[in-house]
Amino acid sequence: MYQALACVTDNKKIAENIHLIEFEAPSIANVIAPGQFLNLRVNDNLFPLLRRPFSICDVNNDRISVMFNVMGEGTKILSQKKLNDYVDILGPLGNGFNLTFNEKKTVIISGGLGAAPFPYLTKELLNRDKEIITIVGGRSSQDIIKHGLTNLFITTEDGSEGLKGNVIDCLKDINNLLFETQYRVFTCGPNGMIKAIKKYFADNKIVVEASVESAMACGFGICQGCPIEHVQSEDTYKLICKDGPVFNLNDIII
Amino acid sequence: MYQALACVTDNKKIAENIHLIEFEAPSIANVIAPGQFLNLRVNDNLFPLLRRPFSICDVNNDRISVMFNVMGEGTKILSQKKLNDYVDILGPLGNGFNLTFNEKKTVIISGGLGAAPFPYLTKELLNRDKEIITIVGGRSSQDIIKHGLTNLFITTEDGSEGLKGNVIDCLKDINNLLFETQYRVFTCGPNGMIKAIKKYFADNKIVVEASVESAMACGFGICQGCPIEHVQSEDTYKLICKDGPVFNLNDIII
Amino acid sequence: MSSVDLSVKLPNLTLKNPILLASGTVGYGQEIAEFTDLNKIGGVVTKSLSLKPRKGNAPQRIVETPTGMLNAIGLANVGVEEYLKSKVGFFKNYDTALICNVAASSPEEYLECVRLLDSEERIDGFEINVSCPNVKDGGLEFGNNPALVSKITNLTRGATSKFLAIKLSPNVARISEFARIAKEEGADAVSAINTLVGTAFDIYSRRPKIKNVTGGLSGPAIRPVALAKVLEIRKNADIPIIGIGGISVWQDVIEFMIAGASAVQLGTINFVNPGSAINFLDNLTEYCLTQKINSLSELTGSFTL
Amino acid sequence: MSSVDLSVKLPNLTLKNPILLASGTVGYGQEIAEFTDLNKIGGVVTKSLSLKPRKGNAPQRIVETPTGMLNAIGLANVGVEEYLKSKVGFFKNYDTALICNVAASSPEEYLECVRLLDSEERIDGFEINVSCPNVKDGGLEFGNNPALVSKITNLTRGATSKFLAIKLSPNVARISEFARIAKEEGADAVSAINTLVGTAFDIYSRRPKIKNVTGGLSGPAIRPVALAKVLEIRKNADIPIIGIGGISVWQDVIEFMIAGASAVQLGTINFVNPGSAINFLDNLTEYCLTQKINSLSELTGSFTL
Ligand SMILES: Cc1cc2nc3c(=O)[nH]c(=O)nc-3n(C[C@H](O)[C@H](O)[C@H](O)COP(=O)(O)OP(=O)(O)OC[C@H]3O[C@@H](n4cnc5c(N)ncnc54)[C@H](O)[C@@H]3O)c2cc1C
Ligand SMILES: Cc1cc2nc3c(=O)[nH]c(=O)nc-3n(C[C@H](O)[C@H](O)[C@H](O)COP(=O)(O)OP(=O)(O)OC[C@H]3O[C@@H](n4cnc5c(N)ncnc54)[C@H](O)[C@@H]3O)c2cc1C
Ligand SMILES: Cc1cc2nc3c(=O)[nH]c(=O)nc-3n(C[C@H](O)[C@H](O)[C@H](O)COP(=O)(O)O)c2cc1C
Ligand SMILES: Cc1cc2nc3c(=O)[nH]c(=O)nc-3n(C[C@H](O)[C@H](O)[C@H](O)COP(=O)(O)O)c2cc1C
Ligand code: FES
Ligand code: FES
């Protein structure tokens, strides 16, 4: 884990309300893995007070990038960063996706800005010669993020792009593509979607790794602000920032 | 009094740590007088919370400018404003310098950033065919602000520019220039300087108008945060923001 | 937009909307009228009035803190007599509730102030400040003493049949205890909260930044505390609450109402944005429309725990 | 730079410098060691330990507020036994004061915790948390009850001859009263302050943003209140004070010391800048040099009013 004062090397809007910001941060870039996250201090004064957590979106040599939505004050400030501004970054934080598995096929399921961690994951899976199917869901065409993703199956609730429906409908739809073989699933998105996915896969042996969110104060295990119920420990919560943010979906109670 | 969302039309550093920022604010520009002030909201979030008061430095058609020192968070943010940024301004606030007087000669005495209100005053005095002597004092050459001032007599404590000494030494020095005639004095600067000037002129009939400062929360008379003792009202304080910031130096107890 | 009812009914007082301007943050109302239309506001609470004029504390009286400020004005005011003579008249041109805030150094002085003011028709009600932390004689001591709050409420209630609110101090362990006392003695409402006691030092002179040593902390910084106090009162005392403390955006108004406030007051934010009260009104209506709320006052105490 | 003495002498405890890391904001010390060198810090206060492990409150536990945050962790901790088994060992590699914070639901449980921990040599002292606002059983109630604070202090004092501080609640009318009680019962110091009770609501769901309904407010927002509490204790009770509340820049450390603190604790700022404590040390030395102060502890209570 490092605390780096990282120089902004790019900051652009890639879709309505969605930004991609890139930093020069060699110490972090060299060690971070897909699914880990960063905790950014968006300002150098006291407002907002806390850092803002973001998944690592991609790594290019010494550069790391973050994909974000403008939600409130913090992300607004982030969206206004200019080239050569500096941002204070803690990272890599948490545990990322497990990349050592036998299955050849993988399915990435992304809902809305849940796409954020997947460009880097996609790259690393391809490096490992995995096959990827990516299901991208959203309310409408505007919410569909394709940046850095591959082999896309798109689904929108209003049918404005791809299949009309949700990611579960899409999963059913492409089930034949998976040929009943073993495959692995990676997912990130709204809680409702993750719950539905948990239910969908509840009865079979498919491993689903989900990246989950929570309000966070520290991001590295000192505040106990980010608890999640975990089947392996009834008497304590796990911490999303330290034990996650990626969990085996079977293990957590959401 | 207006609340104007004013567009930044210029923002430059005119000396070490000293900035001049200009806004397009016709409603204010058309009515503001020298010695009045503005209360600026330097940000659009809650930190810093309060507005920052600044003397009107100059007016050019629809544009108003402010000269400032980077002191803390507020002025730091102000110094970073870019062309076409917007700043929320309250003004004109307070009472400015009295411009209807008979004396032909005037002396402006400025200490450090006390120079801020005088470019506009200089312009208006010249418009009224007054003669001006300007005494500018500072600790050293770096503190000497000449921007927008005329007929300068400079004095520095360390002798790095002009007369070695303070503005009182300088006043004594140029006393002969004033030919024992009636003249008017306008001053702004550190409290110590203003006290010394008050003492210097205590025994004679010269009218000295001083612009004074105070911590302020509102700037227009609703918080009672900026009291000053005034000879005309023993049982109440006057308010610097509403009854000042310019006072006849004889009338106030500082 | 006008299909939403923003009005608020309090005992002895109906407001056209729940937004009042807080005592000490709008003087006697004149200056802020330059920036905002008082006719659109629920009401204005005057600076605390005392029987005799008060000069207030010597400077420095205020200092900024993170998203807050400390003040120790010391109840500088023109006194009841002068208020009636030269200040109240201004409001005769405005259609908005006028509430006189009263501060005093003895229960009898509170009574006397209210009696003198009560005969002025333009005055719609009273807010009794038993909680000002910045004066030596009385102030905080009253607000911390149940027996005195009881006595002051009782006496002032006897002196007026107009709206009567008791402004409570947050610098106590159980604010709801004081709310219950106010209720028992016949107050129509409680106002919560006044400022929190705070201080700040200059690290070079090692002197307090405020001449009075301590001051009252206000502004967004205290909002979570104010909300908790309102909630505590709502759960433990049966009296309408006027919520105060750190309101700076329209959402805060809703938050206070959900926690239990029937109306709210804007304080420190008036210094920053003198037009805030009015700016919030459209947002309140809009919120009610999207949330399918016919009458804003339905929100009061509507939390689900 | 090394000519300034930053050390602090407290009864039964000497610190190399006045900066401690506050309970609940550094866990048991391991994680923050990744970002900062604990050897340079005055000391670390553990997360509150209870006799049995506690799971803590259900999420959501935290919410940000203007320059502050609310938390209702609910004293999640591994319990005294597990602490002694697997956590305290980490500190054997570090030369810094280790203070165990203890929370319990009865005076006897406090006693038991301290007794169990006291035999561990590595532990340099105790901070007794009688002021946690986020647990139902005990917590705030203790901190508001003079008789209980007296009893808890008395019992724990009997169980250890190591440094013993009582951590006081700010949610009382007169905090100095509790400081005096702590002194009378033999405590070596008081820690002030714990968090202020606060809350926040979601205006769409109308539910509290924090599952526990209320939480404890910390961060820069509360600093003026914390400073006033320290000053009040300094003026009214004769016991060393550990100042806590909203420290975010080195100047704040000085301000707390001027107001009366012998040492300070950094809390919320650790989440934002885990290296803060160390970053401040050079500035403290530099300040002393320019202010011609030989020993930083001369500052304690050195205000001029
Ligand atoms: C592990 C992790 C990874 C994330 N990755 C991304 C990402 O890659 N891209 C992205 O756009 N967003 C991501 N988020 C969510 C992101 O942190 C929030 O959108 C952001 O903090 C909002 O800040 P704000 O100031 O703009 O909004 P505000 O609403 O003003 O935030 C207020 C407070 O709430 C917290 N908060 C608000 N929304 C969330 C949320 N959904 N999750 C957690 N905390 C929240 C903030 O941290 C802050 O303390 C991630 C969150 C976590 C926990
Ligand atoms: C009527 C008036 C006119 C002024 N004109 C000018 C001017 O033309 N140019 C200029 O550079 N400065 C001027 N000042 C001072 C200017 O307002 C402060 O320098 C500025 O507010 C500092 O803000 P900051 O956030 O950078 O500093 P901070 O130190 O962070 O300010 C903290 C707080 O203290 C107050 N404060 C700090 N210093 C002063 C001060 N000297 N006077 C009053 N309040 C202070 C601020 O308002 C703020 O609330 C004027 C002040 C007044 C009252
Ligand atoms: C400068 C100032 C002066 C105040 N004067 C009074 C007063 O005279 N009487 C009173 O009851 N409250 C007074 N208050 C308290 C406010 O009415 C209000 O209760 C408090 O500021 C909290 O609200 P806010 O956070 O919105 O400012 C004053 C507050 C400020 C900031
Ligand atoms: C997330 C969090 C958890 C805390 N847990 C504890 C605790 O377990 N025991 C305790 O005595 N204080 C606890 N505190 C209070 C802090 O130790 C400190 O008193 C308070 O936060 C004020 O300091 P600050 O403003 O610097 O954070 C906690 C504070 C925070 C923010
Ligand atoms: S965010 Fe602090 S422990 Fe997880
Ligand atoms: S600054 Fe508010 S009254 Fe003068």
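With respect to residue B:192, determine if the residue is more than 16 Å from ligand 1 (Cβ to nearest atom), among the small types (Gly, Ala, Ser), under 19 Å from residue B:56 (Cβ atoms) and out of contact with any strand residue (DSSP E or B) (no Cβ under 6 Å at 6 or more places or on another chain).
Working: more than 16 Å from ligand 1 (Cβ to nearest atom): yes; among the small types (Gly, Ala, Ser): yes; under 19 Å from residue B:56 (Cβ atoms): no; out of contact with any strand residue (DSSP E or B) (no Cβ under 6 Å at 6 or more places or on another chain): yes.
Here the answer is no, as residue B:192 does not meet what is asked.
Please go through the range B:45-74 and give me each residue that is in contact (Cβ under 8 Å) with a residue 40 or more places away in the chain and within 24 Å of residue C:276 (Cα to Cα), ordered by number.
Taking the range B:45-74 as the starting set, the residues that turn out to be in contact (Cβ under 8 Å) with a residue 40 or more places away in the chain are B:50-51, B:53-59, B:63-70.
Within the range B:45-74, B:50, B:51, B:53, B:54 qualify.
Among residues belonging to the range A:36-60 that are closer than 26 Å to residue A:142 by Cβ and part of a loop (DSSP other than H, G, I, E, B), point out the one that is farthest from the chain's Cα centre (by Cα).
Among residues in the range A:36-60 that are closer than 26 Å to residue A:142 by Cβ and part of a loop (DSSP other than H, G, I, E, B), the one farthest from the chain's Cα centre (by Cα) is A:42.
Which one is surrounded by the fewest Cβ atoms within 10 Å (Cβ to Cβ), of the residues in the range D:217-239 that are of a type in the set (A, V, I, L, M, F, W, C) and without any contact (Cβ under 8 Å) to a residue 40 or more places away in the chain? Don't jump to the end; show me each part of the working.
Here is the first cut: in the range D:217-239, the residues of a type in the set (A, V, I, L, M, F, W, C) are D:217, D:221-222, D:225-228, D:230-231, D:233, D:237, D:239.
Still in the running and without any contact (Cβ under 8 Å) to a residue 40 or more places away in the chain: D:227-228, D:230.
Numbers: D:227: 31, D:228: 28, D:230: 30.
Only one residue fits best here, namely D:228.
Yes/no matrix, rows are residues, columns are (1) under 18 Å from residue A:67 (Cα atoms); (2) modelled with pLDDT under 95:
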position: A:128; (1), (2): no, no
position: A:134; (1), (2): yes, no
position: A:143; (1), (2): yes, yes
position: A:162; (1), (2): no, yes
position: A:165; (1), (2): no, yes
position: A:168; (1), (2): no, yes
position: A:171; (1), (2): no, yes
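Is the range C:149-169 home to any residue that is touching a Lys or Arg at 6+ places or on another chain (Cβ under 9 Å), within 14 Å of chain D (Cβ to nearest Cβ) and crowded, with 23+ Cβ neighbours inside 10 Å?
Yes: one or more hits.
Do you know which residues across the range A:202-248 are of a type in the set (Lys, Arg), without any contact (Cβ under 8 Å) to a residue 40 or more places away in the chain and either at the interface with another protein chain (Cβ under 10 Å from one of its Cβ atoms) or within 15 Å of ligand 5 (Cβ to nearest atom) (or both)? Show your work before the answer.
Pass one, the range A:202-248, residues of a type in the set (Lys, Arg): A:205, A:238, A:242.
Now restrict to residues that are without any contact (Cβ under 8 Å) to a residue 40 or more places away in the chain: A:205, A:238.
A:238 - this is the single residue of the range A:202-248 that is of a type in the set (Lys, Arg), without any contact (Cβ under 8 Å) to a residue 40 or more places away in the chain and either at the interface with another protein chain (Cβ under 10 Å from one of its Cβ atoms) or within 15 Å of ligand 5 (Cβ to nearest atom) (or both).
Specify which of the listed residues (C:225, C:230, C:249, C:253) is more than 22 Å from residue C:10 (Cβ to Cβ), touching a Phe, Trp or Tyr at 6+ places or on another chain (Cβ under 9 Å) and within 12 Å of chain D (Cβ to nearest Cβ).
Checking each option against the conditions leaves just C:249.
Mind listing whichever residues of the range B:61-70 are near ligand 2 (Cβ under 10 Å from one of its atoms), in contact with a helix residue (DSSP H, G or I) (Cβ under 6 Å, 6 or more places away or on another chain) and outside any loop (DSSP other than H, G, I, E, B)?
If the condition is that a residue be near ligand 2 (Cβ under 10 Å from one of its atoms), in contact with a helix residue (DSSP H, G or I) (Cβ under 6 Å, 6 or more places away or on another chain) and outside any loop (DSSP other than H, G, I, E, B), then B:68, B:69 are the ones that fit.
Quick check on residue A:126: is it of a type in the set (A, V, I, L, M), in contact with a strand residue (DSSP E or B) (Cβ under 8 Å, 6 or more places away or on another chain), assigned to a helix (DSSP H, G or I) and free of Cβ contacts under 8 Å to residues at least 40 places away in the same chain?
So residue A:126 fits the description; yes.
Residue D:116 versus (1) away from chain C (no Cβ under 14 Å); (2) among the hydrophobic types (A, V, I, L, M, F, W, C); (3) touching a helix residue (DSSP H, G or I) at 6+ places or on another chain (Cβ under 8 Å); (4) assigned to a strand (DSSP E or B): which is the lone unmet condition?
(4)
Residue check: is residue A:221 under 23 Å from residue A:91 (Cβ atoms) and either in the same structural domain as residue A:113 (by TED's automatic domain parsing) or within 16 Å of ligand 4 (Cβ to nearest atom) (or both)? Give the derivation first.
Working: under 23 Å from residue A:91 (Cβ atoms): yes; either in the same structural domain as residue A:113 (by TED's automatic domain parsing) or within 16 Å of ligand 4 (Cβ to nearest atom) (or both): yes.
Taking the combined requirement at face value, the residue satisfies it.
Residue-by-condition table, conditions (1) touching a strand residue (DSSP E or B) at 6+ places or on another chain (Cβ under 7 Å); (2) within 14 Å of chain D (Cβ to nearest Cβ); (3) part of a helix (DSSP H, G or I):
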residue	(1), (2), (3)
C:60	no, yes, no
C:63	yes, yes, no
C:75	yes, no, no
C:82	no, no, yes
C:85	no, no, yes
C:91	yes, no, yes
C:95	no, no, no
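Yes/no per residue for (1) surrounded by 21 or more Cβ atoms within 10 Å (Cβ to Cβ); (2) more than 23 Å from residue B:32 (Cα to Cα); (3) of a type in the set (Lys, Arg):
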residue: B:185; (1), (2), (3): yes, no, no
residue: B:194; (1), (2), (3): yes, yes, no
residue: B:198; (1), (2), (3): no, yes, yes
residue: B:204; (1), (2), (3): no, yes, no
residue: B:233; (1), (2), (3): no, yes, no
residue: B:239; (1), (2), (3): yes, no, no
residue: B:248; (1), (2), (3): no, no, no
residue: B:252; (1), (2), (3): no, yes, no
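Looking only at the range C:22-58, count every residue that is in contact with a strand residue (DSSP E or B) (Cβ under 8 Å, 6 or more places away or on another chain) and under 18 Å from residue B:3 (Cβ atoms) and tell me the total.
7
Against the conditions (1) outside the structural domain of residue B:20 (by TED's automatic domain parsing); (2) surrounded by fewer than 18 Cβ atoms within 10 Å (Cβ to Cβ); (3) among the hydrophobic types (A, V, I, L, M, F, W, C), where does residue B:70 fall short? Just the number, please.
With respect to (1) outside the structural domain of residue B:20 (by TED's automatic domain parsing); (2) surrounded by fewer than 18 Cβ atoms within 10 Å (Cβ to Cβ); (3) among the hydrophobic types (A, V, I, L, M, F, W, C), residue B:70 is out only on (1).
Residues to consider are B:84, B:98, B:45, B:17; find the one that is within 16 Å of ligand 1 (Cβ to nearest atom) and surrounded by fewer than 20 Cβ atoms within 10 Å (Cβ to Cβ).
None of the other options fit; the residue is B:45.
Answer with yes or no whether residue D:40 is within 20 Å of residue D:267 (Cβ to Cβ), more than 16 Å from ligand 4 (Cβ to nearest atom), surrounded by fewer than 18 Cβ atoms within 10 Å (Cβ to Cβ) and more than 14 Å from every other protein chain (Cβ to nearest Cβ). Steps first, answer last, please.
Numbers: within 20 Å of residue D:267 (Cβ to Cβ): yes; more than 16 Å from ligand 4 (Cβ to nearest atom): yes; surrounded by fewer than 18 Cβ atoms within 10 Å (Cβ to Cβ): yes; more than 14 Å from every other protein chain (Cβ to nearest Cβ): yes.
So residue D:40 passes the test.
With respect to residue A:101, is the statement that it is farther than 15 Å from residue A:167 by Cβ and in contact with a Pro (Cβ under 7 Å, 6 or more places away or on another chain) true?
Details: farther than 15 Å from residue A:167 by Cβ: yes; in contact with a Pro (Cβ under 7 Å, 6 or more places away or on another chain): no.
No.
Among the residues of the range C:259-305, write down those that are away from every other protein chain (no Cβ under 11 Å), more than 18 Å from the chain's Cα centre (by Cα), among the polar types (S, T, N, Q) and outside any helix (DSSP H, G or I).
C:294, C:295
Would you please name the residue that is nearest to the chain's Cα centre (by Cα), looking only at residues in the range A:22-35 that are surrounded by 23 or more Cβ atoms within 10 Å (Cβ to Cβ) and of a type in the set (Gly, Ala, Ser)? Give the derivation first.
Taking the range A:22-35 and keeping what is surrounded by 23 or more Cβ atoms within 10 Å (Cβ to Cβ), we get A:23, A:25, A:28, A:34-35.
Filter again for of a type in the set (Gly, Ala, Ser), leaving A:25, A:35.
Working: A:25: 19, A:35: 6 Å.
Only one residue fits best here, namely A:35.
Considering only the range B:138-182, state which residues are over 22 Å from the mean Cα position of the chain (by Cα) and in contact (Cβ under 8 Å) with a residue 60 or more places away in the chain.
Selection gives B:178, B:181, B:182.
With the checklist (1) outside any strand (DSSP E or B); (2) within 30 Å of residue C:69 (Cα to Cα) in hand, flag the one item residue D:109 doesn't pass.
The number of the failed condition is (2).
Here are some residues: B:55, B:79, B:65. Which one is of a type in the set (Ser, Thr, Tyr), away from ligand 4 (no atom under 16 Å from the Cβ) and in contact with a Phe, Trp or Tyr (Cβ under 6 Å, 6 or more places away or on another chain)? Walk me through how you get there before you give the answer.
On the way: B:79 fails: in contact with a Phe, Trp or Tyr (Cβ under 6 Å, 6 or more places away or on another chain); B:65 fails: in contact with a Phe, Trp or Tyr (Cβ under 6 Å, 6 or more places away or on another chain).
The unique qualifying residue is B:55.
How many of the residues making up the range D:59-93 are more than 15 Å from ligand 5 (Cβ to nearest atom) and either of a type outside the set (Lys, Arg) or in contact with a Cys (Cβ under 8 Å, 6 or more places away or on another chain) (or both)?
Taking the range D:59-93 as the starting set, the residues that turn out to be more than 15 Å from ligand 5 (Cβ to nearest atom) are D:65-68, D:79-93.
Filter once more, so that each one left must be either of a type outside the set (Lys, Arg) or in contact with a Cys (Cβ under 8 Å, 6 or more places away or on another chain) (or both): D:65-68, D:79-84, D:86, D:88-91, D:93.
Residues that pass the stated criteria total 16.
The values are calculated or read from the model by the stated rules, or taken from the named source; none is laboratory data. No experiment lies behind these values; they were computed from the predicted model shown. A quick note on method: Cβ atoms are made from the backbone with ideal geometry, for glycine too, and the neighbour counts reach across all protein chains shown.
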